[in-house]
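Take a look at the structure below.
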Amino acid sequence: MGIIGAGQLALMMGEVGHDVGVETIVLATSRDEPASLSGDEVLLGEAKDPVALTNLANASQVITFDHELVDLELIVTLEREGIAVRPGSHALRFAVDKAYQRRRFLEAALPVPQFVIVKSNTDPSLEPFLEKLSNEPVLKAPRGGYDGRGVLFPRSREETLSMIEQLSVSGEVLVEERLELDGEVAQLIVRGVDGEVALYPLVTTVQSQGMCVEVRYPAEVSEAIAAQSGVLARRIASLVEGVGVLAIEFFVANEELFINEIALRPHNSGHWTIEGAATSQFANHLLAVSGQALGDTSAIVANAVMVNVVGGDEPSSPQAAREVSGIFVHDYAKAWRPGRKLGHVTSVGDDAHEAHVRAWQGARAYGTVMKEV
Ligand code: ADP
């Protein structure tokens, strides 16, 4: 299996490859990238370079992704040449372009925050939209953003207009209502080549500064919300038609779910499944993409808490975290840099509070700059 990108997701895919009969070849920009450690082979090249993609395709039976920072046209070209790409370009378009995603979900009557897509701050649809809102909107660059990069929260009308002007230099701007959030949850659904789906249990995600800092299983929501999430996930999966893991991030507001965004790959909100579920999201992604039957997605623990480790001002290492008892430490083998996701820590057990405390203890020992929310 060729994997475009060699970050921590590809690293964790490679770690389970042999368990599910899959050899991985990662396309990395340098040998220092995380997945160089677990891939059976490493090819050096850029995700947007046609020559590198052809080399990867020639060496693989099927291609999948570590990230969506790809050139869709090149992916379409590979498909035309008969290369198996999973998820395919049709599905990937949803994750590559948030504006496309919002439009398609709205057309399908799926719940999304109210939005407009504009090309400049003088776009005629902007003023009437802003007038409808009770506070300033959230602004998003439809392409290339992750971990809150490309998401802006203006505090005044003046700021809204000037930020739209800045963002519009690189293309369309997604302007959406700022919801009063009761929380955020994530739903993972795996889809096989034959359209079979399997749902992981819903989890709560906790954000700080636009970045996910903690994930908790089980989700702290009503049964009605959990059921609604399952129904929406099945509808989204059949609309998008991806193969592999599909991650859906939902906003919870007024006892209702709104789709924030989707990803067509294993996702940060599913790292807990490595220790907490019968089949991890990484194993299931490889099973689906390689055309095998999907694995059991049930939880095998009562509680799981995953905390991300984000680099602070001082270099840190996972060593001290390994001395904290009752936690699993995942080191992405990345060079330390402030603001960079360096690893994650998971704690499982019968007591939700204890799992939370231990996971944070581990993350702090590892040197995370993020504060417990
Ligand atoms: P990214 O793609 O970079 O992860 P998101 O679109 O998920 O960015 O936004 C990051 C965070 O910003 C969200 O998890 C949420 O906490 C907050 N956010 C984004 N959009 C809205 C919105 N419409 N209303 C309220 N909060 C929002």
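The values are calculated or read from the model by the stated rules, or taken from the named source; none is laboratory data. If you're wondering where the values come from, they're calculated on a predicted model, not measured in any experiment. Note: ideal-geometry Cβ built from the backbone for every residue, glycine included; neighbour counts use all protein chains shown.
Residue-by-condition table, conditions (1) over 29 Å from PHE105 (Cβ atoms); (2) touching a helix residue (DSSP H, G or I) at 6+ places or on another chain (Cβ under 7 Å):
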| position | (1), (2) |
| --- | --- |
| PRO266 | no, yes |
| ASP313 | yes, no |
| PRO338 | yes, no |
| GLY343 | yes, yes |
| ALA355 | yes, no |
| TRP360 | yes, no |
| VAL369 | yes, no |
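From ARG149, ARG178, which residue is in a loop (DSSP other than H, G, I, E, B), among the basic types (Lys, Arg), within 26 Å of ILE262 (Cβ to Cβ) and within 19 Å of the chain's Cα centre (by Cα)?
From the options ARG149, ARG178, the qualifying one is ARG149.
Taking the range 73-122, which residues are closer than 30 Å to GLY14 by Cβ, of a type in the set (A, V, I, L, M, F, W, C) and crowded, with 17+ Cβ neighbours inside 10 Å?
Once the filter is applied, which keeps residues that are closer than 30 Å to GLY14 by Cβ, of a type in the set (A, V, I, L, M, F, W, C) and crowded, with 17+ Cβ neighbours inside 10 Å, the range 73-122 yields LEU74, ILE75, LEU78, ILE83, ALA84, VAL85, ALA91, LEU92, PHE94, ALA95, VAL96.
Just give me the residues in the range 244-269 being under 17 Å from ARG216 (Cβ atoms) and of a type in the set (D, E, K, R), in sequence order.
Residue satisfying the conditions is GLU249 alone.
Return the only residue of VAL206, VAL169, VAL215 being more than 27 Å from GLU107 (Cα to Cα), among the hydrophobic types (A, V, I, L, M, F, W, C) and out of contact with any strand residue (DSSP E or B) (no Cβ under 9 Å at 6 or more places or on another chain).
From the options VAL206, VAL169, VAL215, the qualifying one is VAL169.
Would you call HIS356 of a type outside the set (Val, Ile, Thr) and assigned to a strand (DSSP E or B)? Let's see the steps before the verdict.
Working: of a type outside the set (Val, Ile, Thr): yes; assigned to a strand (DSSP E or B): no.
Considered against the rule, which asks whether it is of a type outside the set (Val, Ile, Thr) and assigned to a strand (DSSP E or B), HIS356 comes out as no.
Name every residue in the range 322-346 that is farther than 23 Å from MET13 by Cβ and not charged (D, E, K, R), in order of residue number.
VAL324, SER325, GLY326, TRP336, PRO338, GLY339
How many residues are in contact with a Phe, Trp or Tyr (Cβ under 8 Å, 6 or more places away or on another chain) and of a type outside the set (Val, Ile, Thr) if we restrict to the range 345-366?
1
Filter the range 88-131 down to the residues that are of a type in the set (D, E, K, R) and in contact (Cβ under 8 Å) with a residue 40 or more places away in the chain, then identify the one that is nearest to PHE65 (Cα to Cα). If you could, list the steps in order and put the result at the bottom.
At the first step, the residues of the range 88-131 found to be of a type in the set (D, E, K, R) are 93, 97-98, 102-104, 107, 119, 123, 127, 131.
Among the residues that remain, those that are also in contact (Cβ under 8 Å) with a residue 40 or more places away in the chain are: 97-98, 102, 104, 119.
Values: ASP97: 16, LYS98: 18, ARG102: 22, ARG104: 22, LYS119: 30 Å.
If we take residues in the range 88-131 being of a type in the set (D, E, K, R) and in contact (Cβ under 8 Å) with a residue 40 or more places away in the chain, then ASP97 is nearest to PHE65 (Cα to Cα).
Name the single residue that is modelled with the lowest pLDDT among those in the range 141-158 being within 10 Å of the ligand (Cβ to nearest atom), among the small types (Gly, Ala, Ser) and on the phi < 0 side of the Ramachandran plot.
Here the residue is GLY145.
Hey, can you tell me all the residues within the range 101-138 that are part of a strand (DSSP E or B) and within 13 Å of the ligand (Cβ to nearest atom)? Please lay out each step first, then the result.
Keep residues of the range 101-138 that are part of a strand (DSSP E or B), which gives 115-118, 138.
Residues satisfying the conditions are PHE115, VAL116, VAL138.
Being touching a residue at least 40 places away in the same chain (Cβ under 8 Å), surrounded by fewer than 19 Cβ atoms within 10 Å (Cβ to Cβ) and part of a loop (DSSP other than H, G, I, E, B) is the filter here; which residues of the range 325-352 pass it?
Passing the criteria: ALA333, LYS334, ALA335, ASP350, ASP351.
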